[in-house]
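Undergrad: I'd like to ask you about the structure that follows.
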Amino acid sequence: MNKQSILLISHGNFEKVFLEKIAKDISHEFLYPVYLEESSIDISDFYDPMRRQYDGNRLLIEINSFTSPGFTKKVGLFRVDLFIPILTYIFGQATFKGSSGLASLYRLRNEQYGMPKDDIVLLNRFKKVIIHELGHTLGLIHCHIPSCVMRSSTYVEDIDQKSHNLCINCRTKIGMV
């Protein structure tokens, strides 16, 4: 294992091919090896019955507590609806300049918005959210360049409008240029 590496920890049932495609694209974007691991933690303790969602802050703390020797970054992948107290929902979250992040595909599914299922769109959205959160762990803040993956995304349409790549300014800030 290289000094710099990323671990994607899946919680819930994800298709292996789906995760492998995401891992490949993330590895290509950051030039770090990306590994996959399944988790079997019970996330019911993170469920808020009043909101009918899962607490992203508490899940992020849980992801951060995973001991993963040899990995510099780790991202928990979920299929559930996430929130933080100040927002109605989140697509993902990360510890700024930290080692951990999380992402959920729950609100990325076309079916959530009354549209036909589209696995390619779902894959692209999820990949962008994960890359965005990894950018935060590397110290990147939200970018103002419309196509940059680090641009803020309040709505799923915002995710669709940006690329899955870091812009030249963001790449420079983390020493990738």
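The values are calculated or read from the model by the stated rules, or taken from the named source; none is laboratory data. This structure is a prediction, so every number in the text was calculated from the model and none was measured. A quick note on method: Cβ atoms are made from the backbone with ideal geometry, for glycine too, and the neighbour counts reach across all protein chains shown.
Undergrad: Are there any strands (runs of 3 or more DSSP E) wholly within segment 1-89 with 1 or more residues that are within 18 Å of His132 (Cα to Cα) and not aliphatic (A, V, I, L, M), and if so which?
TA: 6-11, 34-39, 73-78, 82-84
Undergrad: Let me ask something else. So the check is Cβ under 6 Å with 6+ separation or different chains; which pairs have a first residue in segment 80-109 that's over 16 Å from Arg51 (Cα atoms) and at pLDDT below 95 and a second one that's crowded, with 23+ Cβ neighbours inside 10 Å and of a type outside the set (Gly, Ala, Ser)?
TA: Correct list of pairs: Ser99/Lys73.
Undergrad: Right, something else. If you take the residues in segment 106-146 that are of a type in the set (Asp, Glu) and outside any loop (DSSP other than H, G, I, E, B), which one is nearest to Leu8 (Cα to Cα)?
TA: Glu133
Undergrad: Let me ask you something else. Pull out all pairs, ordered by first then second residue, where Cβ-Cβ is under 7 Å, the residues are six or more apart or on different chains, the first lies in segment 45-68 and is in contact (Cβ under 8 Å) with a residue 60 or more places away in the chain and surrounded by 15 or more Cβ atoms within 10 Å (Cβ to Cβ), and the second is part of a loop (DSSP other than H, G, I, E, B) and among the hydroxyl-bearing types (Ser, Thr, Tyr).
TA: So the pair list comes out empty.
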